[in-house]
Amino acid sequence: MGNIVVSPHDKEGQHHMMATPTSNNPNGGSAATAKNKSEITVLLLGAGESGKSTLFKQVQFFHGVGITHDQERIELIEIVRLNVLENAKNLVAATQHLNIPIEQPENRETAKLIINSLNTNDLEDPSWSKRLYSLWKDAGIQKAYENREKFQLYDSTEYLFENLDRICSDKYVPTVVDVIRTRTKTIGITDMKFDVGDGKQLRLVDVGGQRNERRKWIHFFNTVDAVVFLTSLSEFDLNLYEDNGYWRVKESLRVFNEVVNNALFYKVPFVLLFNKRDLFEKKIATKSFSKYFSGFNEAEEKNPVACIEYMTKLFLNEITEHPLDTVSVKTLSAIDHDNSKQVFEEVKQFIMTQQHRE
Ligand SMILES: Nc1nc2c(ncn2[C@@H]2O[C@H](COP(=O)(O)OP(=O)(O)OP(=O)(O)O)[C@@H](O)[C@H]2O)c(=O)[nH]1
Ligand SMILES: [Mg+2]
């Protein structure tokens, strides 16, 4: 894999980690306006929190793009600590909504400060590591955490609380894993380019997946050479962040249907990535999968392969207008560096092979 040029074109400046601007064009450089034969544009699509940016960051990392500037480090520290605070706030709020008492008096004090006044600067203090960890271990907070399908909580909550020692140190430097585990909803678009041989470059485009971000997708549809659609396997018991009464799986199927059957994508190589396999396998060990899918055989609900086969059929049934021989289905655990590398390599090979067929 040769040179890499990374160009974040994030109009609203929300998601620009570890990248060096190469263009000021808010539409995303030349490929967005004039199709360049030597450039293969691959669009990452999917609903919010499906893992698009996580995969994008992994691709950046395995192309050698690291955290290079002090300013980026400062921004990342802020993002990681903000994730800690948001998770802590959501957990405390959940104890109130679910009527679960926080057991220890000192943890109740910490909870009050979290809701009323704590900010990210306060977290640059090891005493907060102890206080937040004690709160995390409180029986009341743990009970709320066990019921996390009833409210909104980031997937990396446990990871962040288990790493408070580092995160609340004044010497804290975010690691690659911290960056992969941290959530920032994407607003606008981010892209990167890298050589893929034969004098071609692959341009990977990450967009925001939440409802109000999706109207921006259409701007790319004319220029896309392949689509990678992510959906989270572990969202079967969750509702949307932006609409707490709407089932995430239903949303994901709906968006998939709209995209895969779009006339502009007819014959465009299409990859369906079932992400968060790690979380999914943990979840089905303790939660009933069949409760959410009336057509699924309850006797099979602890078997991940059977569950994934079922999900695959569910998604493939949505395809009415797209030739099935240009669709590939894979599973992924985007927080796993090696798995991401292997799966992305397979995705790339699939797209390149499809390109040669044209
Ligand atoms: N455990 C686990 N967590 C994951 C996986 N993929 C992503 N995550 C986490 O899920 C959260 C959301 O991932 P993002 O990559 O931000 O999701 P997105 O699709 O870009 O979301 P939007 O930008 O809102 O569209 C992050 O905290 C990630 O660390 C996975 O395979 N396993
Ligand atoms: Mg994103």
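Within the range 41-55, residues that are on the phi > 0 side of the Ramachandran plot have Cβ atoms under 7 Å from residues that are basic (Lys, Arg) in these pairs: GLY46/LYS52; GLY51/LYS276, counting only partners at least 6 apart in sequence or on another chain. Among the residues examined, GLU106 does not qualify as at pLDDT 65 or above, within 16 Å of ligand 1 (Cβ to nearest atom) and farther than 27 Å from ASN239 by Cα. Filter the range 255-270 down to the residues that are at pLDDT 95 or above and either part of a helix (DSSP H, G or I) or closer than 15 Å to MET311 by Cβ (or both) and list them by number. Within the range 255-270, VAL255, PHE256, ASN257, GLU258, VAL259, VAL260 meet the criteria.
Each row is one residue, and each column tells you yes or no for (1) part of a helix (DSSP H, G or I); (2) over 21 Å from GLN349 (Cβ atoms); (3) of a type in the set (A, V, I, L, M, F, W, C).
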position: PHE194; (1), (2), (3): no, no, yes
position: ARG203; (1), (2), (3): no, no, no
position: ASN212; (1), (2), (3): yes, yes, no
position: ASN222; (1), (2), (3): yes, yes, no
position: VAL227; (1), (2), (3): no, no, yes
position: THR231; (1), (2), (3): no, yes, no
position: TYR241; (1), (2), (3): no, yes, no
position: LYS250; (1), (2), (3): yes, yes, no
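Restricting attention to the range 157-192 and to residues that are in a strand (DSSP E or B) and not hydrophobic (A, V, I, L, M, F, W, C), the residue that is farthest from ligand 2 (Cβ to nearest atom) turns out to be ASP191. Candidates SER340, SER288: the one that is under 24 Å from TYR154 (Cα atoms) and assigned to a loop (DSSP other than H, G, I, E, B) is SER288. The residues of the range 37-47 that are away from ligand 2 (no atom under 11 Å from the Cβ), assigned to a loop (DSSP other than H, G, I, E, B) and not hydroxyl-bearing (Ser, Thr, Tyr) amount to a single one, LYS37. Any idea which residue in the range 195-212 is modelled with the lowest pLDDT, counting only those that are of a type outside the set (D, E, K, R), more than 10 Å from ligand 1 (Cβ to nearest atom) and in contact with a helix residue (DSSP H, G or I) (Cβ under 8 Å, 6 or more places away or on another chain)? So, considering only residues that are of a type outside the set (D, E, K, R), more than 10 Å from ligand 1 (Cβ to nearest atom) and in contact with a helix residue (DSSP H, G or I) (Cβ under 8 Å, 6 or more places away or on another chain), the one modelled with the lowest pLDDT is VAL196. GLY29 fulfils the conditions (1) away from ligand 1 (no atom under 15 Å from the Cβ); (2) at pLDDT 95 or above except for a single criterion, (2).
Do we find that SER129 is touching a Cys at 6+ places or on another chain (Cβ under 8 Å) and hydroxyl-bearing (Ser, Thr, Tyr) in this structure? Answer is yes for this residue. Against the numbered list (1) small (Gly, Ala, Ser); (2) within 23 Å of GLY51 (Cα to Cα); (3) surrounded by 12 or more Cβ atoms within 10 Å (Cβ to Cβ), ALA285 comes up short only at (3). Sort through GLU309, GLU300, GLU318, GLU251 and tell me the only one that's among the charged types (D, E, K, R) and within 15 Å of ligand 1 (Cβ to nearest atom). After ruling out the rest, the residue left standing is GLU251. Could you please find all residues in the range 210-234 being under 18 Å from LEU153 (Cβ atoms) and within 15 Å of ligand 2 (Cβ to nearest atom)? Hits for the range 210-234 are GLN210, SER232. Among the candidates PHE274, PHE296, which residue alone is buried (at least 17 other Cβ atoms within 10 Å of the Cβ), outside any helix (DSSP H, G or I) and free of Cβ contacts under 8 Å to residues at least 40 places away in the same chain? Just one listed residue meets the conditions, PHE296. Count of the range 115-139 residues, restricted to those that are over 15 Å from THR95 (Cβ atoms) and of a type in the set (Lys, Arg), is 2. Could you tell me which residue of the range 143-156 is farthest from ligand 2 (Cβ to nearest atom), considering only residues that are touching a residue at least 24 places away in the same chain (Cβ under 8 Å) and not in a loop (DSSP other than H, G, I, E, B)? Residue satisfying both the conditions and the ranking: LYS143. State whether one or more residues within the range 83-104 are in contact (Cβ under 8 Å) with a residue 24 or more places away in the chain and within 16 Å of ligand 2 (Cβ to nearest atom). Looking for residues that are in contact (Cβ under 8 Å) with a residue 24 or more places away in the chain and within 16 Å of ligand 2 (Cβ to nearest atom), one finds at least one in the range 83-104, hence yes.
The values are calculated or read from the model by the stated rules, or taken from the named source; none is laboratory data. Keep in mind the model is a prediction, meaning the values are calculated, not measured. Neighbour counts run over all protein chains shown; Cβ positions are idealised from the backbone, glycine included.
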